[in-house]
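*Asks:* I have a structure here, written as structure tokens, and I will follow up with some questions on it.
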Amino acid sequence: MTAGEPAHAPDPGGSRPAAGAEDLPIDRDPARIEALFGGIAPRYDLMNRLMTAGLDGRWRRMAARAAALSPDDRALDVCCGTGDLTFSLLDVCPACDVTGLDFTPAMVQRAREKGAARGGRGPPPPTPPGGRGQRAQPGAPRRGGPRPG
């Protein structure tokens, strides 16, 4: 780079990180990640609505329709958070077997509460693989019983 030259050339496709982004630390400590998401779980849905001006619901409905599920299909929502996409998948395909899975117990608890409020049968007890993760199954399966995690 020479004097007066920009630190990063323009990137019209947006494929490169913003200037300085490569210097940001990435925290991969599972305990800290779980604490972070556990701490925001009670406000997660509200923050999504506010930060997206309500568009997050529309995006989830579009994603659920784009999944093109058919009755009896199975779907896994990995990193389901509080279960909103899981519920959207169930809304477009009530006869599907949709499972939500998340690393953070507090997020899964919120998904369970929302599933119960929707009249779901409720999820099975948590089955953490290796002591981490929670199987939410918010409102599903609609038929059959809980499967082991």
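*Asks:* Under a point-charge model restricted to the Cβ atoms of Lys and Arg (+1) and Asp and Glu (-1), what is the dipole moment magnitude of the stretch 21-89 relative to its Cα centre, in debye to the nearest 20?
*Replies:* For this selection, approximately 360 debye.
*Asks:* How fast does the stretch 25-125 diffuse by Stokes-Einstein, in µm²/s, taking the Kirkwood radius from C-alpha pairs at 25 °C and 0.890 mPa s?
*Replies:* Approximately 170 µm²/s, per Stokes-Einstein.
*Asks:* Amide H neighbours of Ala75 under 5 Å, at least 5 residues apart or on other chains, H built in the peptide plane: list them.
*Replies:* Answer set, sorted by chain and number: Asp97, Val98, Thr99.
Only the coordinates and a few stated rules stand behind these numbers; no lab work does. Note that the structure is a prediction, hence the values are computed from the model and not measured. With ideal geometry, Cβ positions are generated from the backbone for all residues, glycine too; neighbour counts draw on all protein chains shown.
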